[in-house]
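What follows is a single structure, written as structure tokens, with notes after it.
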Amino acid sequence: MKIAAIQMVSGVALQANLAQAHDLLARAAQAGAELALLPEYFCTMGRSEQDKIALREPFGDGPVQRFLAAAARELGLWIVGGTLPLACCDEERVRNSTLVFDPQGACVARYDKIHLFGFDSGPEHFDEARTIAPGSTPVRFALTARDGSRWRVGLSVCYDLRFPELYRAHAAAGADLLLVPSAFTWTTGRAHWEVLLRARAIENQAWVLAAAQGGRHENGRRTWGHSMLVGPWGEVLAQEAEGAAVVLGQLDAGALQAVRRQLPALGHRVL
């Protein structure tokens, strides 16, 4: 099954971001992708953390959700919608949520980001808990590819990548593919992004597809990019450093089973 990570440099204008996302999704579909993953905050990288609150949508309807459903139907794609702000019971915060749409445009899964980013180096300061309410439940979904192969997919978002227990839970439940939509900062991405992605692939013997924000944004923030596909042996199979891009790769069920058969580490777990 061919899959695609969509890399963006999202701005502050919702409609411009959706238009760019559509163009990139169309490129992925034309290249034969069956599943496309958008990055975290694909629909907005606001001038302040409060901007996402103004764009929040109730789960089930809203401009971003209608866009994702329509694009999935039009392009015949499984679309994993990066993240978008969904309303929650707290009026001052939102959920940072990933929604999965099948090729008929139905929303088949929702994951609310569990781990919230906090970082303070002095010049750079982030505290997602001020505007985001965390989720609490790991989420997986299954899809059947055009060739009849069935894939079990584990969802995560950005900062989750630093918490291997989430991915171990996915692996224990049989996940073959782990998805990581992200907006890693340039500082943390340069230091840790690739090594964390490769570690999650190696320790769980799974494919990892990561779609990132990558470049200098209107709000002045710089994100690391380097969207990539990592194989279950830990090799980087496709990657794009910065800028809007479509990163394509081919999943191979036989190669996955060969890795797990030759080195049955998942079955050797003790703790």
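The values are calculated or read from the model by the stated rules, or taken from the named source; none is laboratory data. Here the structure is a predicted model, which means the values were calculated and not measured. Cβ: placed from backbone, ideal geometry, glycine included. Neighbour counts: every protein chain shown.
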Quick check: is even one residue across the stretch 216-234 at pLDDT 95 or above, within 25 Å of THR44 (Cβ to Cβ), among the β-branched types (Val, Ile, Thr) and in contact with a strand residue (DSSP E or B) (Cβ under 6 Å, 6 or more places away or on another chain)?
-> yes
Please verify whether the stretch 89-100 includes one or more residues that are touching a helix residue (DSSP H, G or I) at 6+ places or on another chain (Cβ under 7 Å), of a type outside the set (Ser, Thr, Tyr) and within 18 Å of LEU37 (Cβ to Cβ).
-> yes
For the stretch 217-238, indicate whether the set of residues that are surrounded by fewer than 19 Cβ atoms within 10 Å (Cβ to Cβ) and of a type in the set (Asp, Glu) is non-empty.
-> yes
So how many residues does the stretch 117-128 have that are within 17 Å of ASP51 (Cβ to Cβ) and not in a strand (DSSP E or B)?
-> 2
Scanning for something surrounded by 18 or more Cβ atoms within 10 Å (Cβ to Cβ), touching a Cys at 6+ places or on another chain (Cβ under 8 Å) and among the polar types (S, T, N, Q), does the stretch 181-189 turn up at least one residue?
-> yes
With the checklist (1) modelled with pLDDT of 95 or more; (2) farther than 25 Å from ALA238 by Cβ; (3) small (Gly, Ala, Ser) in hand, flag the one item GLY46 doesn't pass.
-> (1)
Name every residue in the stretch 214-230 that is within 16 Å of the chain's Cα centre (by Cα) and over 15 Å from LEU179 (Cβ atoms), in order of residue number.
-> GLY214, THR223, TRP224, GLY225, HIS226
Criterion: farther than 23 Å from ALA26 by Cβ, surrounded by fewer than 16 Cβ atoms within 10 Å (Cβ to Cβ), among the aliphatic types (A, V, I, L, M) and modelled with pLDDT of 95 or more - qualifying residue of LEU266, LEU196 | LEU266
Which one of ALA173, ALA70, ALA129, ALA142 is among the small types (Gly, Ala, Ser), closer than 16 Å to GLU34 by Cβ and either out of contact with any Asp or Glu (no Cβ under 9 Å at 6 or more places or on another chain) or in contact (Cβ under 8 Å) with a residue 40 or more places away in the chain (or both)?
-> ALA142
Would you say ALA173 is closer than 17 Å to ASN204 by Cα, in contact with a Pro (Cβ under 6 Å, 6 or more places away or on another chain) and at pLDDT 95 or above?
-> no
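For (1) within 24 Å of ALA129 (Cβ to Cβ); (2) touching a residue at least 24 places away in the same chain (Cβ under 8 Å); (3) in contact with a Lys or Arg (Cβ under 7 Å, 6 or more places away or on another chain), each residue gets a yes or a no:
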residue	(1), (2), (3)
LYS2	no, yes, no
GLN7	no, yes, no
ARG27	no, yes, no
PRO39	yes, yes, no
GLY46	yes, yes, yes
GLU49	yes, yes, yes
ILE53	yes, yes, no
GLN65	no, yes, no
GLU74	no, no, no
The stretch 1-113: helices (runs of 4 or more DSSP H) wholly inside it with 1 or more residues that are surrounded by fewer than 18 Cβ atoms within 10 Å (Cβ to Cβ) and aromatic (Phe, Trp, Tyr) are none
Considering residues of the stretch 87-106 that are at pLDDT 95 or above and over 16 Å from the mean Cα position of the chain (by Cα) only, the residue nearest to LEU209 (Cα to Cα) = PRO103
